[in-house]
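A quick write-up on the structure given underneath.
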Amino acid sequence: MQWKSGEDFHRQAARGLDLQSSDESVVRIEDGVALPVANGKATITAIAEGETASAEVTVSGMERPFQWSFRNHVESVLSKQGCNAGSCHGARAGQKGFRLTLFGFDVDADYTYLTRQAVGRRIVPTDPGRSLILTKPTGLLPHKGGVRLEPGSLEYRVLAEWIASGVPGPKDNDPQIVRLEVLPKYSRQRPKATQQLVVLAHFSDGHVEDATRWSKYTSVNSTVASVDDRGLAMITGPGEAAVKVWYLNQNAMAFMTVPYDAAVAPEVFAAASRRNFIDEESLAKLQALRVPPSGRCDDATFLRRAYLDTIGTLPTADEARIFLADRAADKRDRLADALLSRPEFVDYWTYKWADVLLISGQRLRPKALEAYYQWVHKNVAENKRWDQFVREIVTATGSTYENGAANFYALHQDPEDMAETVAQGFMGLSINCAKCHNHPLEKWTNDQYYAFANLFSRVRAKGWGGDYRSGDGLRIVYSDTQGELIQPSRGAPQPPCPLDGQPLAFESPEDRRLAVADWLTNPKNPYFTRAIVNRVWANFFGTGLVEAVDDLRLTNPASNEELLAAAARFLVERKYDLKELMRAILQSETYQRASETVAENKADERFYSHYYPRRLKAEVLLDAIAQVTNVPTDFRAATPDSRKPGAAIPAIKRALKLPDSYVDSYFLEAFGKPDRLITCECERSSEPSMTQVLHLYNGETVNKKLAAKGSAAERATAESDDGKIVEELYLAALSRLPTAEERESLVAELTAARSEDRRAVIEDLYWSVLTSREFLFNH
């Protein structure tokens, strides 16, 4: 029984609830649960707080004999009690000689383990109570896993009655679960309330079972809601909660919105500026949570923020001065357009895609690496549509020297690796867990994994000896007309098939990757568009709508699903032109909000009521220091032996222009540069460390650049106008003019410095700004 207003479900109607059956010979109410008694129809009426609701119930099939199913009931008991978990008998080697498949992903194997091993001791059909499967988990015999079953419980009955019925095994015509449903899927709650979730399992023969008792529950955000092992959610605080429900290798989610306590007038949201769909969906979410948005950021903040997020570069002092002096109403829009057309845009986004595509000298030889990098750079410069960009990578053939995209298949040389990288890089799906068993956090099965990987089983390459550490890096990639990937657990190949797609014929000679590309880039693919939208969004906001940014599994919901869906539709309508999405973000009031909070939105870390400050990425920060100090960085190639310096890279002075991430740079390593060895955003670190602090304060990067000949500090020494020195530094580093107090204080320091100390004082001034939080963070 759920309170409802319009289409929205609210709290559970539990207090004073009275359930009545119109015919208890058909349906009986017992402890709040409707139990079927005999075939027929009845009406169940619920009464709570003076309101009533009713539902018609039809009972049928009561005359048919019932038998517990190994596939659907015995396996669910073993899973619910944790018997087949990775920490117990579901481990690869099992426990104490008894093994089950992890979470029951292979029912035939589990049936064999239970009934054909231990010389009949695990299962005793003539005396079920003596079966080890009952005596150990009830504690009658020593059991390292402790007591897992209570004698007389329904779980005990399932196992005992199944044994007594002759241990019937799984059959091909067994009804199999096809979908899991949780009710209420969406609800609006309030702190300290409780919500009983109801889980319905839909089977292939059309029947539906109440699986609430047998399901496993996990709260995704325990600060908002916790959940017990019977699906009773306890609301603990404001925000948005999601509860993951698992049953028979199917997952479903229940979402609960819990508004904050603040009494925010509707007029606050009605009066908030809206520029496009981003603002509409953002404000709708904030209003539902009663979280007011912060105001607009000032021009200086927007200028610096937009430069760093769009091209990874600071504006120069002259660019900042011109923008701040501009009084035109459309100057922010014009700035966005200008940034999207800058050559630095191409360098920045080439570098970002190079992270995803793993362009590194640790994996590719120099000529192949250069070809791959130049291919990406050329496509970014042409603003190639994202769907076409990905299609050309997935279907790449030919020489890795002449077609840079073919290096994708030089980096990934077996079908499983190819499939996992395509899923992770272009759909934000980590499917590698399904290589050994059904995915515990997703719907992907071991069969689906090998069906998807088999799409890449005919990719072949000549040259390079198959070892990226030797040779010249030249490979010729092509598609063969035969060859299948054998699934280890079945000893046979799965029909090649995209995830949730239609299988291809084994005998078809066509390049299977063409089917992969068609399916992958189809706007109806529920992952492809959302994955790139989420990556772009995270670049501009610091955190994805789904976080982690490349983890778009069902059980990791978006903070604003409506906004993510709207952005995906927008990108499809704009033919996958990523610049159009970036322009919409830059123009939105959501992006232009100040990072300063108000009292009512200070706790928000997910819903974009304000801009979230974040430390500059390693490469962006190093380039910013070089730009402000006017001393470019000298890079050297890394070597396997860190004691031996690599060759100098004289032509490149900016980190964001490096085609190879495998460089010898203490600064980049310390500040979290990824190694580009795995396709995962987790390779890049933004975590602060004492190493970073010490290097900024005492290391060579800042201090050596300030002391260098021709540095900005040296030039400033020759400037007689102390106020101009301070102003130029603030514009160059912070994109703003100093406040009156800052100007007065710093000018006084410079004026007081003796001529022989002037250079040192100016270096100290630069150092203090370059190590300040305002400089180190994008805000």
Candidates Leu545, Leu554 - the one that is in contact with a helix residue (DSSP H, G or I) (Cβ under 6 Å, 6 or more places away or on another chain) and outside any helix (DSSP H, G or I):
Leu545
Per the filter on region 605-622, residues of a type outside the set (S, T, N, Q), surrounded by 22 or more Cβ atoms within 10 Å (Cβ to Cβ) and more than 19 Å from Glu687 (Cα to Cα) are Tyr608, His610
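Rundown of residues vs (1) not small (Gly, Ala, Ser); (2) not in a helix (DSSP H, G or I), yes/no style:
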position	(1), (2)
Leu141	yes, yes
Glu161	yes, no
Gly166	no, yes
Asn173	yes, yes
Could you pull out the residue among Ala118, Ala93 that is over 38 Å from the mean Cα position of the chain (by Cα), under 28 Å from Asn446 (Cα atoms), open to solvent by 20 Å² or more (accessible area, probe 1.4 Å) and free of Cβ contacts under 8 Å to residues at least 24 places away in the same chain?
Ala118
Filter region 289-306 for residues that are touching a residue at least 60 places away in the same chain (Cβ under 8 Å), open to solvent by 10 Å² or more (accessible area, probe 1.4 Å) and assigned to a helix (DSSP H, G or I); the one that is farthest from Pro738 (Cα to Cα) is Thr301
Those residues that are in a loop (DSSP other than H, G, I, E, B), among the aliphatic types (A, V, I, L, M) and within 12 Å of Val245 (Cβ to Cβ), I need them from region 218-234; list them, please.
Val220
For Arg574, are the conditions met, namely being open to solvent by 10 Å² or more (accessible area, probe 1.4 Å), within 29 Å of Asp500 (Cβ to Cβ), touching a residue at least 60 places away in the same chain (Cβ under 8 Å) and not β-branched (Val, Ile, Thr)?
no
Restricting region 214-241 to residues that are within 22 Å of the chain's Cα centre (by Cα) and not polar (S, T, N, Q), the residue that is most open to solvent (accessible area, probe 1.4 Å)
Val220
Which members of region 642-668 meet the condition of being under 30 Å from Ile431 (Cβ atoms) and of a type in the set (Asp, Glu)?
Asp660
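I'd like the full set of residues that are of a type in the set (Ser, Thr, Tyr) and either over 30 Å from Arg363 (Cα atoms) or free of Cβ contacts under 8 Å to residues at least 60 places away in the same chain (or both), limited to region 472-516.
Thr481, Ser489, Ser508
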If a residue must be in a loop (DSSP other than H, G, I, E, B) and either farther than 25 Å from His207 by Cα or in contact with a Gly (Cβ under 9 Å, 6 or more places away or on another chain) (or both), how many such residues does region 2-58 contain?
13
Can you tell me which of Ala328, Ala396, Ala338, Ala381 is touching a Ser or Thr at 6+ places or on another chain (Cβ under 9 Å), modelled with pLDDT of 95 or more and among the small types (Gly, Ala, Ser)?
Ala381
Based on what the data block shows, is Thr639 closer than 30 Å to Arg365 by Cβ and hydroxyl-bearing (Ser, Thr, Tyr)?
yes
Residues in region 711-738 that are in contact with a Phe, Trp or Tyr (Cβ under 9 Å, 6 or more places away or on another chain) and open to solvent by 20 Å² or more (accessible area, probe 1.4 Å): how many?
2
Starting from residues that are open to solvent by 10 Å² or more (accessible area, probe 1.4 Å), assigned to a loop (DSSP other than H, G, I, E, B) and touching a residue at least 60 places away in the same chain (Cβ under 8 Å), keep the ones in region 391-402 and report whichever is farthest from Lys462 (Cα to Cα).
Thr395
Could you please find all residues in region 1-29 being charged (D, E, K, R), over 43 Å from the mean Cα position of the chain (by Cα) and more than 14 Å from Ser54 (Cβ to Cβ)?
Glu24, Arg28
Residue that is most open to solvent (accessible area, probe 1.4 Å) [pool: residues in region 692-701 that are free of Cβ contacts under 8 Å to residues at least 40 places away in the same chain and under 20 Å from Ala655 (Cα atoms)]:
Glu700
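The values are calculated or read from the model by the stated rules, or taken from the named source; none is laboratory data. All figures in this text were calculated on a predicted structure; none of them were measured in a lab. Positions of Cβ are generated from backbone atoms using ideal geometry, with glycine treated the same way; all protein chains shown enter the neighbour counts. SASA here: full protein model, heavy atoms, side chains in, ligands and nucleic acids out. Shrake-Rupley method; radii C 1.70, N 1.55, O 1.52, S 1.80 Å.
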